[in-house]
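The values are calculated or read from the model by the stated rules, or taken from the named source; none is laboratory data. Predicted model, so just to flag it, every value in this text is computed and none were measured. Cβ: placed from backbone, ideal geometry, glycine included. Neighbour counts: every protein chain shown. Protein only, heavy atoms only, side chains kept; ligands, DNA and RNA dropped before computing areas. Shrake-Rupley method; radii C 1.70, N 1.55, O 1.52, S 1.80 Å.
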Amino acid sequence: MRPANLKTKIFLDGGDPDETKTLIKLLGFLDGQTTNPTLISKNPEAKKRIETGNKFSEDEIIRFYQKTVREISSLIPEGSVSVEVYADAYTNAETMLRQGKEMFSWIPNAHIKFPCSAEGLRAAEQAVKGGMRINMTLCFSQEQAAAVYAATRSAKKGDVFVSPFIGRLDDRNENGMDLIRNILKMYARGDGHVEVLTASVRKPDHLLYALKLGSDIITAPYPILKEWGEKGLPLPGDKYVYDAGALKPIFYKAVDLSRHWQVYDLTHDLTAGGMEKFSGDWNALIRKS
Ligand code: E4P
């Protein structure tokens, strides 16, 4: 059962509908799911095909993603399911938008994931004007989050998520949770149309601190949510303190939200690296013909 005082929406980060089913039983609720190309490549059916040397054609992999997302969507019809476009360093906004439009038609509750790159932001700006719900992924800086805010001013609350990837910052010794705190603080001066989705959660304390900070949404992998469910869905109390250990702090910057999105510095090596990894994992599923 959902705890009465839980305000944050809880999403599963994964590409296997069986996990979704099991988790709904365990938690008693689930508010949504995020997928990405890497997670789809880890889907048991996809893995089995690859292991037996039976790669997908371009068309088959898209149909497979569609089938998987439809199954997940039917399990959480009232929730949101994030579906990610293919985007490498050369993919332009028009190509992302074309894919996004198709994916958005797959299920009634999709949020389309575009990267926090210049082309991704350009696609996002057009997408929200056309009424698409979006999730801006691979966010690693306050400036990128400010650009998401500025590019989507016409959208209504609930239609735009920004996903700061905290685990990947931790991986290189920067305190990813600081980024969540900083973006929430910056957005508190805005109109609330962008929801902060804490992503790349690696440990239970990421979940607890994101709850404490008041992140709008948290997406976490199956093992983390399973553990949380088995412990009885604990929420952080008043005395909860997040221990960042030796991670380097990320300091808050006074970023003005009222500027044009193109003015903000969108470059981040982890965004570029993340796009390379996602597109590489996707390409590895496809046979060369
Ligand atoms: C979010 O939508 C992403 O799918 C995810 O959280 C990425 O996490 P990772 O850094 O563990 O790959």
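Some observations on this one:
- Exposure of K157 as accessible area (Å², to 10), given a probe of 1.4 Å and all protein chains: 130
- Bins of 10 Å from zero: percent of alpha-carbon pairs in the chain: 6, 30, 37, 22, 5, 0
- Between the amide H of T34 and those of L12, D13, G14, S82, distances stay under 5 Å, these residues lying 5 or more places away or on another chain, with hydrogens modeled in the peptide plane.
- Using the alpha-carbon positions of the range 144-289, Rg (one decimal) and Dmax (whole number) come out as 16.7, 59 Å.
- Cut-off 13 Å between beta-carbons: net charge of the residues surrounding N54, Lys and Arg +1, Asp and Glu -1: +2
- Solvent-accessible area of D269 with every protein chain in place, 1.4 Å probe, in Å² to the nearest 10: 90
- Note on exposure: S74, S163 ranked by accessible area (1.4 Å probe, complete protein assembly) read S74, S163, with the most exposed listed first.
- Within the accessible area of the range 114-246, the carbon and sulfur atoms contribute 50%, probe 1.4 Å, all protein chains present.
- Exposure ranking of L75, L6 by accessible area [1.4 Å probe, largest first]: L75, L6
- Backbone geometry of the range 189-203 corresponds, through the Karplus equation with coefficients 6.51, -1.76 and 1.60 at θ = phi - 60°, to 3J(HN,Hα) couplings of 8, x, 9, x, 7, 10, 9, 8, 10, 5, 10, 6, 7, 10, 8 Hz, x marking Gly and Pro.
- Counting Lys and Arg as +1 and Asp and Glu as -1 over every other residue whose Cβ lies under 11 Å from the Cβ of D216, the net charge comes to +1.
- Lysines with Cα under 24 Å of K21, excluding same-chain neighbours fewer than 8 positions away: K7, K9, K42, K47, K48, K67, K113, K203, K226, K231
- Taking amide H positions as modeled 1.01 Å from N, with prolines and chain starts lacking one, the residues under 5 Å from K9 and 5 or more places away or on another chain are I217, I218.
- For the range 8-22, putting each phi into the Karplus relation 6.51 cos²θ - 1.76 cosθ + 1.60 with θ = phi - 60° gives couplings of 5, 7, 10, 10, 8, 9, x, x, 10, x, 5, 5, 4, 4, 4 Hz, in residue order, rounded to whole numbers and with x for Gly and Pro.
- If you run the Gaussian network model on the chain, springs between alpha carbon atoms under 10 Å, then out of A188, A118, A155 the most flexible one is A188.
- Put simply, the amide H of I134, placed in the peptide plane, has neighbours under 5 Å in I112, V160, F161, leaving out anything fewer than 5 places away on its chain.
- For the range 177-185, 3J(HN,Hα) per residue [Karplus equation, 6.51 cos²θ - 1.76 cosθ + 1.60, θ = phi - 60°, Hz, x = Gly/Pro]: 5, 4, 5, 4, 4, 5, 5, 4, 5
- The chain - accessible surface per residue (Å², probe 1.4 Å): 45
- Prolate/oblate/rounded call for the range 235-289, Cα gyration tensor, a/c under 1.5 rounded: oblate
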